[in-house]
Amino acid sequence: MSDTPSPANANPHISDIKRRVEEIGVFFEQTGLTPTEARVFALLLLADPPEMDFFAIQEFLQASKSSISNAIRRLMDDGRIDYITKPGDRKRYFRVSGEKWLGQMREGLAKIGPFINTLSKVIDLREGTENSDFNRELKHIKEYFLFLKEELPKLQQKWDERPKD
């Protein structure tokens, strides 16, 4: 029997699943999601089958309809989740959208260049200020992101050239 949540089967390990959703949800909160968004996303990552309808999500998380609705809407807007429908069933089943989620992360990495430009402006504007330790720290951060900007395209090329499953 699966250890993951499912709207279709009663799982004897439900408290363990809730603990896992909470644990994974805490991590995703640290990436900028609200607590409810993080729990919905964690739940959908663990769900078996890997999709759940609105009311199953709401019931599992014991949250209000508006809270779940807002979380789902934001996760969809962010490209982390999408939905499917099933023939003869009017419900929408929400699931993690792997390709869209990966695309979202790639978009985040694409912002390194503009970040470096902004950080360079900050460093230039701070030139001559009295806190040289902080200025050095900012330059170190800039060097780190310059390194990433140089190395990430090489890693992307390796990724693109790897054998596909």
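Can you tell me which residue within the range 24-53, out of those that are touching a residue at least 12 places away in the same chain (Cβ under 8 Å) and among the charged types (D, E, K, R), is nearest to Arg92 (Cα to Cα)?
Top of the filtered list is Asp53.
Taking Ile81, is it out of contact with any strand residue (DSSP E or B) (no Cβ under 7 Å at 6 or more places or on another chain), hydrophobic (A, V, I, L, M, F, W, C), modelled with pLDDT of 90 or more and surrounded by 10 or more Cβ atoms within 10 Å (Cβ to Cβ)?
No: the conditions fail for Ile81.
Glu23 is checked against (1) out of contact with any helix residue (DSSP H, G or I) (no Cβ under 7 Å at 6 or more places or on another chain); (2) surrounded by 12 or more Cβ atoms within 10 Å (Cβ to Cβ) and fails just one. What number does that condition carry?
(2)
The values are calculated or read from the model by the stated rules, or taken from the named source; none is laboratory data. As the structure is a prediction and not an experimental result, all values here were calculated from the model. With ideal geometry, Cβ positions are generated from the backbone for all residues, glycine too; neighbour counts draw on all protein chains shown.
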